[in-house]
Amino acid sequence: MITRWLAASLFFVGLVVVWHLVVKAQIWSPLLLPSPLSVLDYLRSAAEDGTLWEATLVTVRRLLMGYGLGILIGLPLGLLTASSRWCHDTIGILALGLQTLPSVCWVPLALLWFGQSEAAMLFVVVMGTLWSLIIATDNGVRTIPPIYRRAARTMGSTGLHTWTHVILPAALPFLISGMKQGWAFAWRSLMAAEIYVTILSGFGLGQLLHYGRELHAMDQVIGVIIVIVLIGLAVDKSLFAPTERFMYRRWGTERA
Amino acid sequence: MFTTEHSQARPQASKLVLEHVSKWFQTSSLHVHALDDVSLRIAEGEFVCLVGPSGCGKSTLLNIIAGLEHPDRGTVRADGQAVDEPGPHRLMMFQESALFPWLTVLGNVLFGLKLRNGMSAAERREKAEYFLELVGLKRFMHSNVHELSGGMKQRVALARALAPNPSVLLMDEPFGALDALTREQLYGDIQRIWSQHRKTIVFVTHNVREAVCLGDRVILFSPHPGRIREEFAIPLPRPRDINSVDLARFATEIMGVLKGYVQSEVAG
């Protein structure tokens, strides 16, 4: 365990060292490639004057709202398309099609419909999350071995009980991987939205990124990218990784 | 047809009555006549084995008795009541382990018990532990399903099927995927359990020796369409050893009949 930590730390320290050496070699202008230290400086000052915390808070709040709403709508819709052929042929096809649409494509639509508002932001995130979640849920429920349902039926399980005690738990590995994918999509959509939708109701990480570009503040751009990556990693390690570990233990090697 | 001479003197009340059961399946390219006019009476506490080559409809018949499928013609009655859906007195055990991987061993055995009314949590727990003890797996009750071997999984499946106290146990090639040694142990287990807890058992298999080892009666099916071809009463004393000479004699006789009609079908 310690050696793994050591190896990982060495790798990332090495990455920063390489970055530093490339800057030192002065191949590119420092305007385009700032040194690790100047990025750190930016992060420190942004943390001290509060802009970074505020932006992170705004972004994470939007993310959670959009992602939560996406799950709240997507999960039941996925169950619906999995259980009814009619829904599969209609909502299922719609989801399959829209899933392939890059979420940034929703931005112009959102801007025209909702203007420069939080609603536009929310709309883009929900649209970015929803469809892949429907597809993942539908897939998950459909790949459940039919024998589980039959076994449950002979033991007297019917209707709602079968859904809550057999189908949902049996589909759980797929639901979790679908939610993980949905989380990644939500992030992508929100960043697209924040870069294009400039509103005064909240200044998120994407907007910080956007103004970094406008001001040619490369240290800000790279600093914000690092923060975004770190938040993504933190969520994965604290939320999804333990769930996956639990399922790996329960289900065994074949499903997880 | 009915040559049954029961070795055990038991009341001859019919637990299961099947009359003129027929079933067709329609696939995209085929119209399969799965069962043709199958009539069968199974007595309370009887152990009946349905034997036949694959495609003879024996598993379909079991599903019909379970209430998972419906016959296109004919009737099935259990305790005089028409069967049209799965009922609490008929539990099924499947070939591949149908245990739920999201539950522990104990959780699996409790699943069916929780669907029974009028039992406290403590009573359910006690019952589950009793049946796990019966199949020799009580110390694995907190294990996860994937940690068990194939034979252990089927033992858990047996405990899960027995725990809600069904009067009929339907077994669909439950030992088909197991190695010979494990199977032999389970033959011993199932006979012991059957002698302790008299259940009516309908056991589907394509293994003639297995059928002779376990059944009071062996019912031979022929395919295309699935029909009852012949019945054999097996008056051997219990517990039976699958390797015994007497048992082999019965198995050879039945095997001969089976080969006869399989060949005639290939030739015809």
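What follows is calculated from the coordinates using simple rules that are stated; it is not laboratory data. Note that the structure is a prediction, hence the values are computed from the model and not measured. Cβ sites come from the backbone with ideal geometry, for glycine too, and all protein chains shown count toward neighbours.
For the reader, a short list of remarks on this structure follows.
- Between 0 and 90°, nearest 10: helix A:205-214 axis offset from chain A longest Cα axis: 40 degrees
- What the Cβ-Cβ distance of B:Glu126 and B:Ala13 gives, at R0 = 25 Å and to the nearest 0.05, is a FRET efficiency of 0.25.
- Computed from the Cβ-Cβ distance with R0 of 51 Å, the FRET efficiency linking A:Leu101 to B:Met119 stands at 0.45.
- About the centre of its Cα atoms, the protein assembly as shown shows a dipole size close to 740 debye [charges on the beta carbon of Lys, Arg (+1) and Asp, Glu (-1) only; nearest 20 debye].
- Here each label is just a point 7 Å from Cα along the line to Cβ, and for A:Ile147 and A:Arg85 those points are 2.6 nm apart.
- Kirkwood radius and radius of gyration were both taken over the C-alpha atoms of segment A:55-204, and their ratio Rg/Rh is 1.08.
- Using the average count of surrounding beta-carbon atoms within 10 Å as a protection proxy, the listed peptides A:18-25, B:75-82, A:179-186 rank, highest first, as A:179-186, B:75-82, A:18-25.
- Separation of the A:Thr51 and A:His20 label points, Cα + 7 Å toward Cβ, nm: 2.6 nm
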